[in-house]
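See below for the structure under consideration.
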C-alpha cells in the first residue's frame, strides 16, 4: 500500500467522526523517486549562525531517508514511512524511535524542525473547498507544528506563508524554479520570521537509479562445450600444400 493510500485511509477513518469532514487534497513536493541535496544557512533564535546539509532520498512507494549533517553537532539519519519514524546516530550506533510529539524538536541549533522533514516526505494538505482542486489556502494534515499554508499562485509559487502553534508564522520567498531531470524544484529559497531568518538552496537533484534485476533470477542459456582449436577441422580451399619432408618420403617410396 502506498503512502498516499495509507494517508487517505487515515483521513477517511477520521472523517467518519466529523460531519463536515474535508477531502484529502495532496500537494506533494515530489511525486517520483529522487535524491535531493539541500544546503541551509540561518540566523537562529539565539541570533547566532547555524547551518546544515541534507541529502534527501525520496521514495513515493517506500521509506524516505534524510541524511542530516550538522557542523559541531552529531549528524544523524531521519527515516520516515508516514505511520512511523526513527532517528539513527553513528559512533556509537543508536536508533531512536520517534512519536508524533517528537516532530516539534528542532534540528540542531537551526530553526528547522523534524516536522519540516516529515512534511517534505509525506506532506499532504486538506482542501477547505473540495470543489476547488488547487486552492491557494491549504491546511496541513498530520503536522504537529504548522496548521496552514498560503501561497500566491500554483503550481510554482513565489511566496508561501505558514502559520502554526503559538501564533508562529514564517514566510518562504522562492527566487527561482529549476528543472531537475523533468522535475521542477525551487533552487533558492529565503526564509524569514520574527525570530529567525535564513536561506535554503538545492545543490543537486537527480532520479534514483532503477534497481537492477537479480542476475541469479535471470535465465541464462547453458554454455556449449567448446572444441579446442587443436582438434578443429581446418577448412582448406584449393590444392593442399604438402610439406617438403613428405614429398621426399613419397619419392623415396616410389623408387
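Values for this structure:
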| read-out | value |
| --- | --- |
| Residue match in the range 98-111 (condition: farther than 28 Å from residue 196 by Cα, in contact with a helix residue (DSSP H, G or I) (Cβ under 7 Å, 6 or more places away or on another chain) and not in a helix (DSSP H, G or I)) | no |
| Residue that is modelled with the highest pLDDT, among those in the range 112-143 that are part of a loop (DSSP other than H, G, I, E, B), out of contact with any helix residue (DSSP H, G or I) (no Cβ under 8 Å at 6 or more places or on another chain) and surrounded by 19 or more Cβ atoms within 10 Å (Cβ to Cβ) | 112 |
| Yes/no for residue 39 being modelled with pLDDT of 75 or more, loosely packed, with under 11 Cβ neighbours inside 10 Å and closer than 30 Å to residue 181 by Cα | no |
| Unique residue being under 21 Å from residue 52 (Cα atoms) and in contact (Cβ under 8 Å) with a residue 60 or more places away in the chain when the list is 171, 110 | 110 |
| Unique residue being farther than 24 Å from residue 193 by Cα, over 22 Å from the mean Cα position of the chain (by Cα), free of Cβ contacts under 8 Å to residues at least 60 places away in the same chain and part of a loop (DSSP other than H, G, I, E, B) when the list is 92, 60 | 92 |
| Qualifying residue in the range 72-79 (condition: modelled with pLDDT under 95, part of a strand (DSSP E or B), on the phi < 0 side of the Ramachandran plot and surrounded by 21 or more Cβ atoms within 10 Å (Cβ to Cβ)) | no |
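The values are calculated or read from the model by the stated rules, or taken from the named source; none is laboratory data. Remember, it's a predicted structure, so these values are computed and weren't measured experimentally. Note that each Cβ is placed from the backbone with ideal geometry, even for glycine, and that neighbours are counted across all protein chains shown.
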